[in-house]
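So the structure is just underneath, and the comments pick up after that.
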Amino acid sequence: MSEPNPSLTKYVQRYLEDTQSALRDGFVVDGIARAIPVFLKARDEGHTLYFFGNGGSASTASHMAQDIAKLTIGEGRKRFRTHSLSDHMSVILAWANDTSFSEIYAEQVKSHGQPGDVAIGISGSGNSPNVLRALEEARKLGMTTVGFIGRGGGKMKALCDVAIIVPSDNMQHIEDLHHILLHLVASYLRDEAPGTPHPSR
């Protein structure tokens, strides 16, 4: 086997160091500590978590809706109700064709959202028009809004009751950390002992 290419090795090391550097920022503990009680309160009160995003963030939305719904099932505890708005291609294309792409999630929120539900927008830039519109409609309905964002938070920050902002301008690092953070949330919700008091109570 040939020796590793020095420039490749250097690139890999730098990528991992940059990711770790962003993860060490205090936003992790603070943001997750504020988001988890929101998710637990929704579960306890029978409300639904709605996830949505674009591109890689759309797949993250789908992945996390599935993880939180299935991973957290346990004896003696309520199940989470989750829904990925990014998964319904026929609905997305119908709204994009008949209105505009910026309305693909907002219209779904208007159809399904209820007061007390949670809208979780995922956007690396924080400026995706369809994510912003969905959060606007969610707030009108009395839903709680949570954002997983990057690049300073963009316009999305002001629309979120809880904004978790990755301190990076690199889209790959932002998406990497969104996955890590959402897996952290799902793991906590899985491991929480039934009946254990939490900050929402």
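Throughout, read-outs are computed from the coordinates displayed, never taken from laboratory work. This one's a predicted model, so the numbers in the text were calculated from it and none came from an experiment.
Counting only DSSP beta bridges whose two residues both lie in segment 44-201, roughly 0 percent are antiparallel.
Given LYS10/LYS155; LYS41/LYS110; LYS41/LYS70; LYS70/LYS140; LYS78/LYS157; LYS78/LYS155, which pairs have Cα atoms separated by over 28 Å?
LYS10/LYS155; LYS70/LYS140; LYS78/LYS157; LYS78/LYS155
Extension gain for LYS10-ALA96 works out to 26.6 nm (0.36 nm per residue, less the C-alpha to C-alpha distance).
The slack between GLN20 and LEU184, meaning 0.36 nm per residue of separation minus the straight C-alpha distance, is 57.5 nm. Across the chain, Cα-Cα pairs farther apart than 20 Å form 56% of the total. Indicate the helices, whole DSSP H runs only, in the chain that combine a mean Kyte-Doolittle hydropathy of -0.5 or more with a Cα extent along their long axis of 27 angstrom or more. Flagged H segments are 171-191.
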